[in-house]
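A.B. asks: Take this structure, written in structure tokens, and hold onto it; I'll ask about it next.
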Amino acid sequence: PRAPAGMGDVPEPCPQAPLAVLSKVELRVSCKHLLDRDTLNKSDPCVLLLMQTQGQWMEVDRSEVIKSNLNPVFAKIFTVDYYFEEVQKLRFEVYDSHGQAGVGTHDDDFLGGMECTVGQIVAQKRVTKPLFLKYGKFAGKSTITIISEEISGNNGYVELAFRAKKLDDKDLFSKSDPFLEIYRIDDDRSEQLVYRTEVVKNNLSPIWEPFKVSLNSLCSCEEKRKLRCVVWDYDSRGKHDFIGEFFTTFEEMQKAMGENKVQWDCMNPKYKIKKRNYKNSGVVVLLDLKIHRVYSFLDYIMGGCQIHFTVAIDFTASNGDPRNSCSLHYINPYQPNEYLKALVAVGEICQDYDSDKKFSALGFGARIPPKYEVSHDFAINFNPDNDECEGIQGVVESYQSCLPKIQLYGPTNVAPIISKVARVAADEERTKEASQYFILLILTDGVVTDMADTREAIVRASYLPMSIIIVGVGNADFTDMQILDGDDGVLRSPKGEPVLRDIVQFVPFREFKNASPTALAKCVLAEVPKQVVEYYSYKAFPPRCPRPPSPEPSLG
């Protein structure tokens, strides 16, 4: 065997590859009660998957054709990239295939289509919807069912502690200087270096430092994948001497959990051939193995974690009189104002992850009926017992109907609303389950007045299952608001206590004025999956048991 190339004076433990944030999702498709388009036998269905990009439907993939079957279960697994911060529209189209001619896309061959989003599928794990023909007609009783599963790209890491005993001595005047390398053998038989230990000088029974590697890196998350482990005697000129090797799997390594140890003969194939009584060139022992499970955002969502969305709207006088077309709250029948644009862009993403589709909508900085006292946390539907609105449309309607009833006033205090949502999140935390996470979207036209209280409230909230998104509306100078977004340094309370985790994202809407609304949502929501995982990891709450897919759920 050749010595590893390109090593300097001392082999560095090799760094782990960065973990991708992006997830991949597998979709499995089945249909029931398809229309029968063939006169002599049943339809031969095939499913096409289309994805919307820039308003155009593009075919991504298609299934196999299943002969003569009106209730097909397709073997084909569709794989799609998943992004929380985007509305990813999918369309499934079922066609009756005709032998060699393949899948026709004529109306006669069309058995029905269905549209949904990737978010809806992963939030429900299983989606069953009716198939529709052209012009919104039902395709009889035909239904299509999509079942989703995350491909666990990185579902944890493993900590390993190796030592060796009685290794061959390769040096004339001193003992060997051993180090260990672990290679993963890939499907194409190529070898990928997973880890290289430090060198232990002048020692035939070295104990190497324990190290961590991701399961993805070690064995591509496949326990039976073959691993090659090589022990070398270090040479400062890079011509390391081969001591021996052994082959194993992660499955075999796991026998070293608890009090047990696993050991392998370290073999030199040349010596085995040449020496009659050759036993080994030493023994390598796995002293300890610890598995650390790392959960992904989708593990929590697919375990039934709901995302509860609250919007808080700034009704201070600096917005301008809503009856005046220059006001930031002006309702133009042809063009939504910035408050509405931001609310809809972010709310449309969050709604896929909330099964009851009810959203809390609050206002601050206004005098409200009946006594016209200033309030900094009122329900915009004026129902103090239930501040929830039906869907994003319900929030929009409550916003528009509350404007004529209130007096815009001030100051811009947001701490009361952060504290209000935090109280609900604190109740949730006491369940000790990953069942509800809260996103608070604050829309404001100016720098907050109660900065000290706001900082204190954010530090408290960073210990709870919640994230805060602040969108600055209008043309004010928002420089001071950047303090709240911990990107430039750690946000601290007035007493100097740091946030536990960075939970605030601040952006001025004007930066997205000429972009599509989806660009704003992408920017402010991109950090949320990481924030959700950080919170539940810190609390050591695993995902709830994945819910069994209900028999016939519908998206409604």
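A.B. asks: Looking at T117, T143, can you tell me which residue is surrounded by 16 or more Cβ atoms within 10 Å (Cβ to Cβ), at pLDDT 95 or above and touching a Pro at 6+ places or on another chain (Cβ under 9 Å)? Step through it out loud before you land on a result.
C.D. replies: Details: T117 fails: touching a Pro at 6+ places or on another chain (Cβ under 9 Å).
Selected residue: T143, the only one of T117, T143 that is surrounded by 16 or more Cβ atoms within 10 Å (Cβ to Cβ), at pLDDT 95 or above and touching a Pro at 6+ places or on another chain (Cβ under 9 Å).
A.B. asks: Which pairs do you get when a residue that is within 18 Å of A422 (Cβ to Cβ), found in segment 377-395, comes within reach of a residue that is of a type in the set (D, E, K, R) and in a loop (DSSP other than H, G, I, E, B), reach meaning Cβ atoms under 8 angstrom, with the pair 6+ apart or on two chains?
C.D. replies: Pairs found: A379/D387.
Residue by residue, here is whether (1) without any contact (Cβ under 8 Å) to a residue 60 or more places away in the chain; (2) closer than 30 Å to V524 by Cα; (3) not in a strand (DSSP E or B) holds:
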{"site": "E59", "(1), (2), (3)": "yes, yes, no"}
{"site": "E64", "(1), (2), (3)": "yes, no, yes"}
{"site": "N71", "(1), (2), (3)": "yes, no, yes"}
{"site": "D81", "(1), (2), (3)": "yes, yes, no"}
{"site": "E86", "(1), (2), (3)": "no, yes, yes"}
{"site": "F92", "(1), (2), (3)": "no, yes, no"}
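A.B. asks: For segment 485-537, enumerate the residues that are hydrophobic (A, V, I, L, M, F, W, C), within 16 Å of V473 (Cα to Cα) and assigned to a helix (DSSP H, G or I). Reasoning before the result, please.
C.D. replies: Quick first cut of segment 485-537, residues hydrophobic (A, V, I, L, M, F, W, C) only: 490-491, 499-500, 503-504, 506-507, 509, 512, 515, 519-521, 523-526, 528, 532-533.
Still in the running and within 16 Å of V473 (Cα to Cα): 506-507, 509, 512, 515, 519-521, 523-524.
F509, F512, A519, L520, A521, C523, V524, listed by residue number.
A.B. asks: Within segment 227-242, can one find any residue that is in contact with a strand residue (DSSP E or B) (Cβ under 6 Å, 6 or more places away or on another chain), in the same structural domain as V262 (by the TED database), open to solvent by 60 Å² or more (accessible area, probe 1.4 Å) and at negative phi?
C.D. replies: yes
A.B. asks: Scan segment 270-286 for residues that are in contact with a helix residue (DSSP H, G or I) (Cβ under 7 Å, 6 or more places away or on another chain) and in a strand (DSSP E or B) and report the count.
C.D. replies: Within segment 270-286, the subset in contact with a helix residue (DSSP H, G or I) (Cβ under 7 Å, 6 or more places away or on another chain) is 278, 281, 286.
Checking which are in a strand (DSSP E or B) leaves us with 286.
Counting residues in segment 270-286 that are in contact with a helix residue (DSSP H, G or I) (Cβ under 7 Å, 6 or more places away or on another chain) and in a strand (DSSP E or B) gives 1.
A.B. asks: State whether one or more residues within segment 282-289 are within 30 Å of E191 (Cα to Cα), under 28 Å from the mean Cα position of the chain (by Cα) and surrounded by 12 or more Cβ atoms within 10 Å (Cβ to Cβ).
C.D. replies: So in segment 282-289, the residues within 30 Å of E191 (Cα to Cα) come out as 282-289.
Checking which are under 28 Å from the mean Cα position of the chain (by Cα) leaves us with 289.
Now narrow it down to the ones that are surrounded by 12 or more Cβ atoms within 10 Å (Cβ to Cβ): 289.
Looking for residues that are within 30 Å of E191 (Cα to Cα), under 28 Å from the mean Cα position of the chain (by Cα) and surrounded by 12 or more Cβ atoms within 10 Å (Cβ to Cβ), one finds at least one in segment 282-289, hence yes.
A.B. asks: For segment 307-350, enumerate the residues that are open to solvent by 20 Å² or more (accessible area, probe 1.4 Å), part of a loop (DSSP other than H, G, I, E, B) and closer than 30 Å to P465 by Cα.
C.D. replies: Those that are open to solvent by 20 Å² or more (accessible area, probe 1.4 Å), part of a loop (DSSP other than H, G, I, E, B) and closer than 30 Å to P465 by Cα: none in segment 307-350.
A.B. asks: Kindly provide the set of residues from segment 28-45 that are at pLDDT below 95, part of a strand (DSSP E or B) and more than 29 Å from the chain's Cα centre (by Cα), ordered by number.
C.D. replies: P45
A.B. asks: Identify the residue in segment 481-513 that is out of contact with any helix residue (DSSP H, G or I) (no Cβ under 7 Å at 6 or more places or on another chain) and of a type in the set (D, E) and, among all such residues, is nearest to K341 (Cα to Cα).
C.D. replies: Ranking the qualifying residues of segment 481-513, first place goes to E511.
A.B. asks: Okay, next question. Could you please find all residues in segment 201-210 being open to solvent by less than 70 Å² (accessible area, probe 1.4 Å) and touching a strand residue (DSSP E or B) at 6+ places or on another chain (Cβ under 6 Å)?
C.D. replies: S205, P206, W208
A.B. asks: I want to confirm something. Restricting to segment 162-187 and keeping residues that are in contact with a helix residue (DSSP H, G or I) (Cβ under 9 Å, 6 or more places away or on another chain) and not in a loop (DSSP other than H, G, I, E, B), which single residue is most open to solvent (accessible area, probe 1.4 Å)?
C.D. replies: The initial filter retains those residues of segment 162-187 that are in contact with a helix residue (DSSP H, G or I) (Cβ under 9 Å, 6 or more places away or on another chain), namely 168, 182, 184.
Still in the running and not in a loop (DSSP other than H, G, I, E, B): 182, 184.
Working: I182: 2, R184: 34 Å².
Filtering segment 162-187 for residues that are in contact with a helix residue (DSSP H, G or I) (Cβ under 9 Å, 6 or more places away or on another chain) and not in a loop (DSSP other than H, G, I, E, B), the one most open to solvent (accessible area, probe 1.4 Å) comes out as R184.
A.B. asks: Under the condition of being assigned to a loop (DSSP other than H, G, I, E, B) and within 30 Å of K358 (Cα to Cα), which residue from segment 290-306 is nearest to the chain's Cα centre (by Cα)? Walk me through how you get there before you give the answer.
C.D. replies: Pass one, segment 290-306, residues assigned to a loop (DSSP other than H, G, I, E, B): 293-296, 303-305.
Next cut, within 30 Å of K358 (Cα to Cα) only: 295-296, 303-305.
Values: Y295: 9, S296: 6, G303: 13, G304: 14, C305: 13 Å.
Going through the qualifying residues, I end up with S296.
A.B. asks: Look at Y399 and say whether it is more than 25 Å from Y300 (Cα to Cα), aromatic (F, W, Y) and open to solvent by 20 Å² or more (accessible area, probe 1.4 Å).
C.D. replies: Working: more than 25 Å from Y300 (Cα to Cα): yes; aromatic (F, W, Y): yes; open to solvent by 20 Å² or more (accessible area, probe 1.4 Å): no.
No: the conditions fail for Y399.
A.B. asks: Name the residue, out of S217, S190, that is surrounded by 15 or more Cβ atoms within 10 Å (Cβ to Cβ), under 40 Å from the mean Cα position of the chain (by Cα) and under 30 Å from S296 (Cβ atoms).
C.D. replies: S217 is the lone residue from the list that is surrounded by 15 or more Cβ atoms within 10 Å (Cβ to Cβ), under 40 Å from the mean Cα position of the chain (by Cα) and under 30 Å from S296 (Cβ atoms).
The values are calculated or read from the model by the stated rules, or taken from the named source; none is laboratory data. Note that this is a predicted model, so its numbers are computed, not measured. So basically every Cβ, Gly included, is an ideal-geometry build from the backbone, and we count neighbours across all protein chains shown. Ligands, DNA and RNA are excluded from the accessible area calculation, which covers all protein heavy atoms including side chains. Shrake-Rupley method; radii C 1.70, N 1.55, O 1.52, S 1.80 Å.
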